[in-house]
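Engineer: Once you've had a glance at the structure underneath, I'll fire off some questions.
The values are calculated or read from the model by the stated rules, or taken from the named source; none is laboratory data. Since we're looking at a predicted model, the values are computed, not measured. Backbone-built Cβ (ideal geometry, glycine too); neighbour counts: all protein chains shown. These area figures cover heavy atoms from the full protein model, side chains too; ligands, DNA and RNA do not enter into them. Shrake-Rupley method; radii C 1.70, N 1.55, O 1.52, S 1.80 Å.
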Amino acid sequence: MSTPTLALVGLSQTERSMLFEQITALDPDAVAPLERARFGGAPGWLVSDAALARTVLTNGIGVKSRPAASQFKLGGVGARQGREVRSLKRELLLALGSLAEQEDLVHKHVAAALGAREGVLPTGLTEALTSATISLVTGTAPGSVDQTGLRNQVMQTWTLIEDANATGSRHDAFYIYLRGLLSASGSTFLSSLEARGWRREQIAEELRAMILAGWGSTAAAITSAISLGVAADLRGAFVLDEVLRLYPPSFMIGRTVAESRRGLPFERGEILLISPWLIHRSSRGWRAPLDFDPERWKDRRPGTPRWFLPFGLGPRRCPAARFARTQAQVTGSLLCTVRRPDRTEVVLLENRSPALVPAAR
Ligand code: HEM
């Protein structure tokens, strides 16, 4: 008898909220660590085991499952392959890491971007935080980025990237806008990359891809923290980790198998869906996994626990992890007086990042 196959929708952006519903409807303890699945008809596997996820993400079995044309239009380090990725990623990590250490500066840019909304759960938290990131990395004045214009630019750019039939260039209106901001100024981020031989055009292209890749993720984490009543405590040991565990802003990481490997059942061309949502909620990895309990981290040995991968793993790991943590902590302290909602629900913010939000009714 053949093994039953889990029928899921595809991985495209338009199917994302349906995929999220399907994933959250699964019982993390009932799915097999490696479950055969079809994604909109294409064969593949759902990976909800930490060790297997690590194997897939760290040893180059798969490439990102975004279609090649769309990946090309997205540009930046995500569009590159092979050895080059490691060195570029290291340089980006260093440049973003240098910002993560300057908490006062991060604070200044976030506070200016939140403006009068400080203290109330802001609508538009995504564009506020992204505009703060842009003014910080480009070295332009805090609060100077037009947030409505930014949202419009990002939405238009994503639409072109996702549309398989649309021709598009990485050097589009959004790129030209960012390139313009870079020419007027300087920052530790820019000098760190320029010292390593990056040209401003390359930095603008990377920045464009970074803004698109990170869109909504940090806002989702902060919204969850507010809804859990812990925005003020994100600096406390493990509170942010526990928010990222229970409500990981990336609920799925997609790969397409590039080569089969001995000892693993994957075949070339198959889709692999690694789900931090399921991995973070499995009782194979966590005691009482559905409880929000920062204390649980105290019993763990130092270092990242194996069943925790909110920023991914391996060569494609999020280069902004440290920076995002600092920005989340700073923003949490600025929004600490926002009232915790009485009733909450989980939604997909920006159609991509799970977050605990005030219930609609
Ligand atoms: C709490 C906030 C964030 C979370 C949880 C998060 C999570 C992730 C994850 C899981 C990946 C890996 C995707 C994969 O393996 O395919 C990733 C990649 C990436 N993230 Fe983040 N991210 C966050 C914030 C940000 C921010 C603020 C930025 C930019 C300023 C950013 C830029 C990127 C980029 C450029 C990549 C692609 C790296 C590559 O393709 O090699 N992220 N992120």
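Engineer: Contact order normalised by length for segment 6-358, with contacts defined as Cα pairs under 8 Å and 6 or more residues apart; what percent is it?
Structural biologist: Relative contact order of segment 6-358: 27 percent.
Engineer: For segment 11-145, give the magnitude of the charge dipole about the Cα centre (Cβ charges: +1 Lys/Arg, -1 Asp/Glu; no others), in debye to the nearest 20.
Structural biologist: 680
Engineer: Can you list the HN-Hα couplings for segment 30-44, worked out from phi with the Karplus curve (6.51, -1.76, 1.60; θ = phi - 60°), rounded to whole Hz and with x for Gly and Pro?
Structural biologist: 9, 6, 5, x, 9, 10, 5, 8, 10, 10, x, x, 7, x, x
Engineer: So who's got an amide H within less than 5 Å of the one on Leu272, skipping anything under 5 residues away but keeping other chains? H placed 1.01 Å off N, in plane.
Structural biologist: Trp45, Arg255, Thr256, Val257
Engineer: Still on this structure, I have one more. Looking at the chain only, what percent of DSSP beta bridges run antiparallel? Nearest 5 please.
Structural biologist: 75
Engineer: Can you work out the FRET efficiency for the pair Met155 and Arg80, with r the C-beta to C-beta distance and R0 = 35 Å, to the nearest 0.05?
Structural biologist: It comes to 0.90.
Engineer: Sticking with this structure for a sec: Between Ala288 and Thr167, 0.36 nm times their residue separation minus their Cα-Cα distance comes to what?
Structural biologist: Length difference between fully extended and current span is 38.7 nm.
Engineer: Let me ask you something else. Over the chain, with the other protein chains present, what is the accessible area per residue in square angstrom, probe 1.4 angstrom?
Structural biologist: 45
Engineer: Hey, any idea what % of segment 6-358's accessible area is carbon plus sulfur with a 1.4 Å probe?
Structural biologist: On the way: 7940 of 15210 Å².
Reported share for carbon and sulfur atoms: 52 percent.
Engineer: Using the Karplus equation 6.51 cos²θ - 1.76 cosθ + 1.60 (θ = phi - 60°), what ³J(HN,Hα) coupling, rounded to whole Hz, does each residue of segment 255-262 give in order, writing x for Gly and Pro?
Structural biologist: Per-residue couplings from phi come out as 9, 10, 5, 8, 8, 7, 10, 4 Hz.
Engineer: Give the residues of segment 21-42 whose amide nitrogen is closer than 20 Å to a point set 7 Å from the Cα of Glu267 in the direction of its Cβ.
Structural biologist: Correct set: 34-42.
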